[in-house]
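*Asks:* Sharing a structure, written as structure tokens. Questions coming.
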Ligand SMILES: *Cc1c(COP(=O)(O)O)cnc(C)c1O
């Protein structure tokens, strides 16, 4: 820390992203990226865009906003495009929380929520998941705070039905409820249609996982027009050109190739069922997942040792040292070949 850092930020513990090592080729099953390349149209659009980078990107993201709106059957005025969905979460904390109006989220969920809360000095109510990692729904009702729920949740993979989401929306009519659907395309059903009924709902999604564009940094939010206007105020007060031209082009390409996305998601779901079954045969406990990862623990080896030994063997998974989940690893679903290599390495480790 320099002697110039603002006192407000002196105690900040930043978010720690999963490793992105450049030293050697790993089988990367640690940050929930897609094992498949971006769609061909996305790649072609991006390349064509390169020669126009002397111009600023479209600050309204008009074409992309319209494409997203049409895919989800909402109006363009219900959509905001952002630099990854981390940015829309940032805007939501900025816009809808303050020192008087706190935030609430689960103890085991996306690690960025507590970081944003700390960044803006927002009091956070941490609501523990039940013993089996399910959401203690009643504890989210009528709490007078801005609520953040990842559905499906990370890193557990558990999914909540939309009628449960609706109960939470109904029970908090005067507070925004953010439903972070980063993993919704892997077997869940989006709650976007509920924005017509609930003006307190903000749904966030990303192109990072199902659409193979993690490096492009593209996310979006869908909500009532008034909520989107507030989020645009945050955007225009921080970074009006928040989505760059190549990413806009790539995003349009990905949406044009929606069948490619659907096919890849189907493959990931099949591979998830395959990997889950094989891990169970090796004695693992695997939490029921509706995402592109599984959360699994072995009774033969502790979570951190398994993570380290897999890393030695060239396979990266994600281990969290938090007490409640330290026995587990979060393993991204890769191609069938990657699943098989992972399983072979795990068998070697368990046998030695
Ligand atoms: C990956 C992820 C995000 C953010 O992804 P971006 O790459 O910033 O779009 C948001 N929420 C959850 C739960 C995630 O796992």
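The values are calculated or read from the model by the stated rules, or taken from the named source; none is laboratory data. Keep in mind the model is a prediction, meaning the values are calculated, not measured. A quick note on method: Cβ atoms are made from the backbone with ideal geometry, for glycine too, and the neighbour counts reach across all protein chains shown.
*Asks:* Report yes if some residue within region 120-140 is within 16 Å of the ligand (Cβ to nearest atom), assigned to a loop (DSSP other than H, G, I, E, B), closer than 25 Å to residue 228 by Cβ and within 18 Å of the chain's Cα centre (by Cα); otherwise report no.
*Replies:* Checked region 120-140: no residue is within 16 Å of the ligand (Cβ to nearest atom), assigned to a loop (DSSP other than H, G, I, E, B), closer than 25 Å to residue 228 by Cβ and within 18 Å of the chain's Cα centre (by Cα).
*Asks:* Look at residue 26 and say whether it is away from the ligand (no atom under 16 Å from the Cβ), under 19 Å from residue 215 (Cβ atoms) and modelled with pLDDT under 95.
*Replies:* Values: away from the ligand (no atom under 16 Å from the Cβ): yes; under 19 Å from residue 215 (Cβ atoms): yes; modelled with pLDDT under 95: yes.
Spelling it out, residue 26 is indeed away from the ligand (no atom under 16 Å from the Cβ), under 19 Å from residue 215 (Cβ atoms) and modelled with pLDDT under 95.
*Asks:* Within the bounds of region 82-94, is there any residue that is touching a residue at least 60 places away in the same chain (Cβ under 8 Å), assigned to a loop (DSSP other than H, G, I, E, B), away from the ligand (no atom under 16 Å from the Cβ) and buried (at least 17 other Cβ atoms within 10 Å of the Cβ)?
*Replies:* no
*Asks:* Residues in region 197-213: is at least one farther than 28 Å from residue 269 by Cβ, in contact with a helix residue (DSSP H, G or I) (Cβ under 8 Å, 6 or more places away or on another chain) and buried (at least 16 other Cβ atoms within 10 Å of the Cβ)?
*Replies:* Yes, region 197-213 contains a residue that is farther than 28 Å from residue 269 by Cβ, in contact with a helix residue (DSSP H, G or I) (Cβ under 8 Å, 6 or more places away or on another chain) and buried (at least 16 other Cβ atoms within 10 Å of the Cβ).
*Asks:* Which one of these is more than 16 Å from the ligand (Cβ to nearest atom), outside any loop (DSSP other than H, G, I, E, B) and either within 18 Å of residue 69 (Cα to Cα) or modelled with pLDDT of 95 or more (or both): 231, 169? It would help to see each step written out before you state the result.
*Replies:* On the way: 231 fails: more than 16 Å from the ligand (Cβ to nearest atom).
None of the other options fit; the residue is 169.
Results for (1) surrounded by fewer than 19 Cβ atoms within 10 Å (Cβ to Cβ); (2) away from the ligand (no atom under 11 Å from the Cβ); (3) not in a strand (DSSP E or B), shown as yes or no for each residue.
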site	(1), (2), (3)
152	no, no, yes
160	no, yes, yes
174	yes, yes, yes
189	yes, yes, yes
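*Asks:* Another question, then. Can you pull out every residue in region 191-218 that is on the phi < 0 side of the Ramachandran plot, part of a loop (DSSP other than H, G, I, E, B) and within 12 Å of the ligand (Cβ to nearest atom)? Write out each step before concluding.
*Replies:* Initially, region 191-218 is screened for residues on the phi < 0 side of the Ramachandran plot, giving 191-211, 213-216, 218.
Now drop any that are not part of a loop (DSSP other than H, G, I, E, B), which leaves 191, 197-200, 207-211, 213, 218.
Residues satisfying the conditions are 207, 208, 209, 210, 211, 213, 218.
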